[in-house]
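Attaching a single structure in structure tokens format; questions to follow.
Bear in mind these aren't lab numbers, they're just calculated from the coordinates by the rules spelled out. In this text, all values refer to a predicted model and were calculated from it rather than measured experimentally. Note that we place each Cβ from the backbone using ideal geometry, even for glycine, and neighbour counts take in every protein chain shown.
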Amino acid sequence: MIQLQHVYQSYGNAETSVPILTDFCLTVKPGERCVLIGPSGCGKSTLLLVIAGLLRADQGLIRIDRQEISGPRRHTSLILQDYGLFPWKRVVENIALGLCLQGVRKREAACRVQPVIKRLGLSGLEQRYPGQLSGGQRQRVAVGRALATEPDLLLMDEPFSSLDALTRESLQNLTLEIAGRDQLTIVLVTHNIEEAAFLGHRILVLDGPPLTLIGTVENQLSTTGYRGQAAFYETCTRIRSLLQHCSQRFED
Amino acid sequence: MKPGSSQTQGGVGLLIAAAVLLGLWQLAAVVVNNQMLPPPLAALTSFIQLAQGPLAIHLWSSFYRAGYSILLSLVLAVPLGLFLGRNPRVDHWVAPMIFLTYPIPKIVFLPLVLLFLGIGDASKIFLITLIVFYQILVTTRDAAKGVPEADILSLRSLGGGPWAVYRHVIVPACLPDILTALRISSGTAVAVLFLVESFATVEGLGYFIMDAWTRASAAEMFAGIIAMGVLGFVLILGVDLMERYLCRWRQT
Ligand SMILES: Nc1ncnc2c1ncn2[C@@H]1O[C@H](COP(=O)(O)OP(=O)(O)O)[C@@H](O)[C@H]1O
Ligand SMILES: [Mg+2]
């Protein structure tokens, strides 16, 4: 359970301060997949970093499982769009990095991530460097690294936006499969209406800065994880019409 | 140049280049027809003869001075450069000092350095270190500045503290630039070496060449010049080997 109560956050010093979050509140239930969509620069990434404990809020309460957040949390994993992987580390080293940073020895960590590597279809690629992988494989490694530390909360910032359409869909399917099996709570930022409709139990349409909620689209539990059906297009249409309320800066 | 491809790799290219240079040298010797410019065969013969005697000792002194200076510069400049690049508040005050003193040709301090540090190895090593230090410092600082913030967030989200950020992100990200600086510095070190060794010393290739020159012994002088070339080549080869080992991920 994620709880944000009256959170304030701004960049810069006292004079140049730009408020991004002002009195922002949000609750995400355990096992919920919450999707954030909204124009570039409205503050979605900032919100995600605050939830990840990587950015200190100026004011307000941020709790995950009733624990107040004051820094990165062991069972929260973050996946970023382009930069997540370290090109100087082999696939297995990238995936095992979280464990290594927790003090697990390199060799043991490499063993412990084997199931994750198998599950993501990366067997045989362990000794490659990210530069020797396709975009889809790379993002699989990023997912693998996020899963290796056995998280209960996955924060994803436009994770698939640089992938081609089919690779993107296969990673979306993978995300659903993982979320279902591991009972993960997911907060995902996207620019893509179809992705939001496909993955989200609840889609928050946002504008800003400061980040403000324009509207919410509830996606029934039983009807997520489908594509190309009437109800799917209906959800897309509802998201689209809410987005049209946002400022015209929205680009995709 | 492709990233990661080394300048000394490819034995065939190297042999052809050597043959072309020797050919040009032979041609120049014939055209000039002055006993101060001996043909390559005579110079090489003299080099091989002298290398078994006094020249080896001079070559070793020069190698020792250059190698020591380069190592010392690395040890001093890399940590400082990384620190300045990642700490804008300190950099704000230190950078102007660096950029005001950077363009001063340090070699003009030779008389002062000789006065304070004497005519032994210390003065030579000090001056070469001073010059090479700046080259490595400036490059390292700029490289550290350019490390994407997202890479650092990624590592922190996995639970890495400040040291882990240096070890897993900043150092590996800056290594290619540091090694490029080191390659350039090797050339600089040899050039400065020649200058500092041509005064107030009776050891080193600089002395050997100047001494042969005053005695109008062309064969000996060229043996010294070849030794200088060998010294530079060995240093750059060393950097290349380091690059091949440390930056394997770029050779893809
Ligand atoms: N490190 C930073 N320093 C100053 N301003 C920033 C920083 N990061 C983001 N911003 C500004 O904050 C606003 C929100 O950014 P962000 O959260 O990245 O938006 P989004 O992810 O929705 O595109 C933008 O206007 C951006 O320019
Ligand atoms: Mg963003």
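Apply the Karplus parameterisation 6.51 cos²θ - 1.76 cosθ + 1.60, with θ equal to phi minus 60°, to every residue of the stretch A:226-243 and state each ³J(HN,Hα) to the nearest whole Hz, in sequence, with x for glycine and proline.
9, 9, x, 9, 4, 5, 5, 5, 5, 4, 4, 4, 5, 5, 4, 5, 5, 5
Determine the percent antiparallel among the DSSP beta bridges restricted to the protein assembly as shown, to the nearest 5. Mind dumping the intermediate values first?
Values: 20 of 38 bridges.
The antiparallel proportion sits near 55 percent.
While we're here: So who's got an amide H within less than 5 Å of the one on A:Leu188, skipping anything under 5 residues away but keeping other chains? H placed 1.01 Å off N, in plane.
Here the answer is A:Cys34, A:Val35, A:Leu36, A:Met156, since their amide H atoms fall under 5 Å of that of A:Leu188.
What FRET efficiency do you get for B:Tyr245 and A:Thr237 if R0 is 56 Å and r is their Cβ-Cβ distance, rounded to the nearest 0.05? Mind dumping the intermediate values first?
On the way: r = 57 Å, r/R0 = 1.02.
That gives a FRET efficiency of 0.50.
List every residue whose amide H lies under 5 Å from the amide H of A:Leu55, counting only residues 5 or more places away in sequence or on a different chain, with H placed 1.01 Å from N in the peptide plane.
Excluding prolines and chain starts, which carry no amide H, the hits are A:Val50.
Let me ask something else. Each label point is 7 Å from the Cα along the Cα-to-Cβ direction; what then is the distance between the points at B:Phe233 and A:Gln244, in nm?
Going by the 7 Å Cα→Cβ label model, 7.4 nm.
Ranked by Cβ crowding within 10 angstrom, fewest neighbours first, how are A:His201, A:His191, A:His245 ordered?
Details: A:His201 19, A:His191 16, A:His245 10.
Arranged by neighbour count, lowest to highest, A:His201, A:His191, A:His245 become A:His245, A:His191, A:His201.
Name the residue, out of B:Leu27, B:Leu44, B:Leu127, whose mean-square fluctuation peaks in a Gaussian network model built on chain B with Cα pairs under 10 Å.
Ranking B:Leu27, B:Leu44, B:Leu127 by mean-square fluctuation puts B:Leu27 first.
Share of antiparallel DSSP beta bridges in chain A, in percent to the nearest 5? Provide the component values of the computation, followed by the final result.
Working: 20 of 38 bridges.
Taking every DSSP beta bridge with both residues in chain A, the antiparallel ones total about 55 percent.
Can you tell me the orientation of helix B:11-32 relative to chain B, as the angle in degrees between its alpha-carbon axis and the longest Cα principal axis, to the nearest 10?
40
Taking θ = phi - 60°, what integer Hz values does the Karplus form 6.51 cos²θ - 1.76 cosθ + 1.60 yield along the stretch A:171-178, in sequence order, with x for Gly and Pro?
6, 5, 4, 4, 4, 4, 4, 5
Would chain A count as rounded, prolate or oblate if I go by the C-alpha gyration tensor, calling it rounded below 1.5 in a/c and otherwise prolate when a/b exceeds b/c, oblate otherwise?
Values: a/c = 1.74, a/b = 1.27, b/c = 1.37.
It is oblate, given that a/c is not under 1.5 and a/b is not larger than b/c.
May I pose another question? Excluding residues on the same chain fewer than 8 positions from B:Lys145, give the aspartates and glutamates whose Cα lies under 17 Å from its Cα.
Counting by Cα, and skipping residues close in sequence, B:Lys145 has these aspartates and glutamates nearby: B:Asp91, B:Asp177.
In the neighborhood of B:Val196, defined by Cβ-to-Cβ distances under 9 Å, what is the net charge if each Lys or Arg adds +1 and each Asp or Glu adds -1?
Working: positive: B:Arg65, B:Lys124; negative: B:Glu197.
So the environment of B:Val196 carries a net charge of +1.
List, largest first, the extents of the alpha carbons of the protein assembly as shown along their principal axes, each in whole Å.
Ordered largest first, the protein assembly as shown gives principal extents of 95, 50, 46 Å.
Exposure proxy check: A:Arg168, A:Arg227, B:Arg65, A:Arg119 ranked by fewest other beta carbons within 10 Å? Could the numbers behind the result be given before it?
Details: A:Arg168 20, A:Arg227 12, B:Arg65 25, A:Arg119 17.
Least crowded to most crowded, the residues run A:Arg227, A:Arg119, A:Arg168, B:Arg65.
Related question: For a footprinting-style exposure proxy, rank A:Lys89, A:Lys44 by other Cβ within 10 Å, fewest first.
Values: A:Lys89 19, A:Lys44 25.
Ranked by crowding around the Cβ, least crowded first: A:Lys89, A:Lys44.
What does the average come to when, for each residue of peptide B:155-165, you count the partner chain Cβ atoms lying within 10 Å of its Cβ? Intermediate results must be reported in sequence, preceding the final value.
Numbers: counts 5, 8, 16, 15, 13, 6, 3, 0, 0, 3, 0.
Whole-number average of other-chain Cβ neighbours for B:155-165 is 6.
Could you work out how far apart the two model spin labels at B:Leu117 and A:His191 are, taking each label as a point 7 Å from the Cα in the direction of the beta carbon, and quote it in nm?
5.4
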